[in-house]
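Asker: Quick one: structure below, then a few questions.
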Amino acid sequence: MKHWGRSLVTGLPLLWLLLFFLMPFVLVLQISLQQFDGVRLEPLVAQVDGRWQWSGQWSTYLLLLQDDLYISSYLRSAWYALLTTLLCLLLGYPFAYFMARARSSLQPLLLMGVMLPFWTSFLLRVYAWKGLLDARTGWIGQFLVESGISRWLAQWGLVNSPTELLYSPFSLMLGMVYTYLPFMVLPLYATLSKMDGRLLEAAQDLGATPWQSFWRVTVPMSRSGIMAGAMLVFIPCVGEYVIPELLGGPNTLMIGRVLWDEFFASNDWPMASTVAVIMMLLILIPLALFNYSQDRAELREGRR
């Protein structure tokens, strides 16, 4: 009975992953190798004169590696995703630390404040930033222009001009950080709230300053929350489509937009599937290597 219970508990999540992750990925991989005439996908293996022949093609992968449009889109997506992750960490860590150290009666209110944006449609929140950043009607846009901050942003190339804040790297990053900041705060708060405060007291008793206690005790103890938050932010940011489409401009073309254009504008399903496969591999392979290194490090520590 225990054996069947253990198999059921481990088998259901595995079945879920097979049905809703592995099978769709295999389907997309298959389409990327098929020939497409604009209407119908040719089968990968066809029977010709009584013999089975392979009719797949690798031309889309070769074209992707040779075309600067795809390479620059991948690099730009990774750069904006990494920058968003770092900014969310810099902004989210102090807030999560304050939440974890706040009074127990105040923590539910702060937690609700972090989760409150999820009660509103993601699309509506992104659209709202278009109105807020308008230099003529949006109060945030007016403040940036009147305070002179927009001129500084224009000098650094973050906006198109001091009076044009939308469709720029600045508006794109603002929308990305605003949208994904809760995904960084929540795992950090979950980790910091469970940390034993006696460790900080012990560090202070040993002569450590508050800053040294923070860097040598708090930050290492919250490493799992940092990694979880970084993954929750970085992975969806790489393939983000809505925010670059509504707040970004021509100079912020990301791979999500390229993927949409290949599917619906160019009607090139094999090329779009190839872009999707490479994007998933670029995310999964480093993630798998990181997990492998983490497991090896934990194994070495356990042997000690």
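The values are calculated or read from the model by the stated rules, or taken from the named source; none is laboratory data. Because the structure is a prediction, the values reported are computed rather than measured. Glycine gets a Cβ as well: all are built from the backbone with ideal geometry, and neighbour counts include every protein chain shown.
Asker: Sort out for me the helices (runs of 4 or more DSSP H) sitting completely within the stretch 83-166 that have 3 or more residues that are more than 24 Å from the chain's Cα centre (by Cα) and of a type in the set (A, V, I, L, M).
Answerer: In the stretch 83-166, 139-146, 149-155 are the helices (runs of 4 or more DSSP H) which contain 3 or more residues that are more than 24 Å from the chain's Cα centre (by Cα) and of a type in the set (A, V, I, L, M).
Yes/no matrix, rows are residues, columns are (1) hydrophobic (A, V, I, L, M, F, W, C); (2) surrounded by 13 or more Cβ atoms within 10 Å (Cβ to Cβ); (3) at pLDDT 90 or above:
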position: Leu192; (1), (2), (3): yes, yes, yes
position: Leu200; (1), (2), (3): yes, yes, no
position: Gln204; (1), (2), (3): no, yes, no
position: Ser213; (1), (2), (3): no, yes, no
position: Cys237; (1), (2), (3): yes, yes, yes
position: Phe263; (1), (2), (3): yes, yes, no
position: Asp268; (1), (2), (3): no, yes, no
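Asker: Same structure again: Can Val233 be described as farther than 18 Å from Asp67 by Cβ and either among the basic types (Lys, Arg) or in a helix (DSSP H, G or I) (or both)?
Answerer: Values: farther than 18 Å from Asp67 by Cβ: yes; either among the basic types (Lys, Arg) or in a helix (DSSP H, G or I) (or both): yes.
Criteria met by Val233.
Asker: Kindly indicate the residue of the stretch 19-78 that is in a loop (DSSP other than H, G, I, E, B) and among the charged types (D, E, K, R) and also nearest to Pro250 (Cα to Cα) among those meeting that condition.
Answerer: Of everything passing the filter in the stretch 19-78, Asp67 is nearest to Pro250 (Cα to Cα).
Asker: Would you be able to say whether some residue in the stretch 266-275 is in contact with a Cys (Cβ under 8 Å, 6 or more places away or on another chain) and in a helix (DSSP H, G or I)?
Answerer: no
Asker: Something else about it: Of all residues in the stretch 82-105, which are crowded, with 16+ Cβ neighbours inside 10 Å and among the aromatic types (Phe, Trp, Tyr)?
Answerer: Tyr93, Phe95, Tyr97
Asker: While we're here: Pairs, please: C-beta under 6 Å, at least 6 apart or cross-chain, first residue touching a residue at least 60 places away in the same chain (Cβ under 8 Å) and in the stretch 190-219, second among the aliphatic types (A, V, I, L, M) and buried (at least 17 other Cβ atoms within 10 Å of the Cβ)?
Answerer: If the second residue must be among the aliphatic types (A, V, I, L, M) and buried (at least 17 other Cβ atoms within 10 Å of the Cβ), the pairs left are Leu192/Ala96; Leu192/Ala100; Ser193/Ala100.
Asker: Here is a list: Pro117, Pro108, Pro169. Which entry is surrounded by 15 or more Cβ atoms within 10 Å (Cβ to Cβ), of a type outside the set (Ser, Thr, Tyr) and within 27 Å of Ala230 (Cβ to Cβ)?
Answerer: Pro169
Asker: Considering only residues that are buried (at least 16 other Cβ atoms within 10 Å of the Cβ) and either farther than 30 Å from Asp37 by Cα or touching a Gly at 6+ places or on another chain (Cβ under 6 Å) (or both), which ones fall in the stretch 243-261?
Answerer: Within the stretch 243-261, Ile243, Pro244, Leu246, Leu247, Gly248, Gly249, Thr252, Gly256 qualify.
Asker: Also: Tell me which of these Pro250 doesn't satisfy, since it passes every other one: (1) at pLDDT 90 or above; (2) out of contact with any helix residue (DSSP H, G or I) (no Cβ under 7 Å at 6 or more places or on another chain).
Answerer: The one condition Pro250 does not meet is (1).
Asker: Residue by residue through the stretch 108-157, note down the ones that are in contact (Cβ under 8 Å) with a residue 24 or more places away in the chain and β-branched (Val, Ile, Thr).
Answerer: Answer for the stretch 108-157, where residues must be in contact (Cβ under 8 Å) with a residue 24 or more places away in the chain and β-branched (Val, Ile, Thr): Val114, Val126.
Asker: Modelled with pLDDT of 80 or more and either surrounded by fewer than 10 Cβ atoms within 10 Å (Cβ to Cβ) or among the charged types (D, E, K, R) (or both) - does that describe any residue in the stretch 34-41?
Answerer: Checked the stretch 34-41: at least one residue is modelled with pLDDT of 80 or more and either surrounded by fewer than 10 Cβ atoms within 10 Å (Cβ to Cβ) or among the charged types (D, E, K, R) (or both).
Asker: Name every residue in the stretch 282-297 that is within 20 Å of Tyr61 (Cβ to Cβ) and surrounded by 13 or more Cβ atoms within 10 Å (Cβ to Cβ), in order of residue number.
Answerer: Passing the criteria: Leu282, Ile283.
Asker: Tell me, yes or no, whether the stretch 188-209 has at least one residue that is over 30 Å from Leu158 (Cβ atoms), in contact with a strand residue (DSSP E or B) (Cβ under 7 Å, 6 or more places away or on another chain) and not in a loop (DSSP other than H, G, I, E, B).
Answerer: Taking every residue of the stretch 188-209 in turn, none turns out to be over 30 Å from Leu158 (Cβ atoms), in contact with a strand residue (DSSP E or B) (Cβ under 7 Å, 6 or more places away or on another chain) and not in a loop (DSSP other than H, G, I, E, B).
Asker: Then there is this: Which one is nearest to the chain's Cα centre (by Cα) among residues in the stretch 63-81 that are surrounded by fewer than 18 Cβ atoms within 10 Å (Cβ to Cβ) and either at pLDDT below 90 or at positive phi (or both)?
Answerer: Leu69
Asker: Please pick out the residue among Leu284, Leu299 that is out of contact with any helix residue (DSSP H, G or I) (no Cβ under 6 Å at 6 or more places or on another chain) and outside the structural domain of Arg76 (by TED's automatic domain parsing).
Answerer: Exactly one residue qualifies, and that residue is Leu299.
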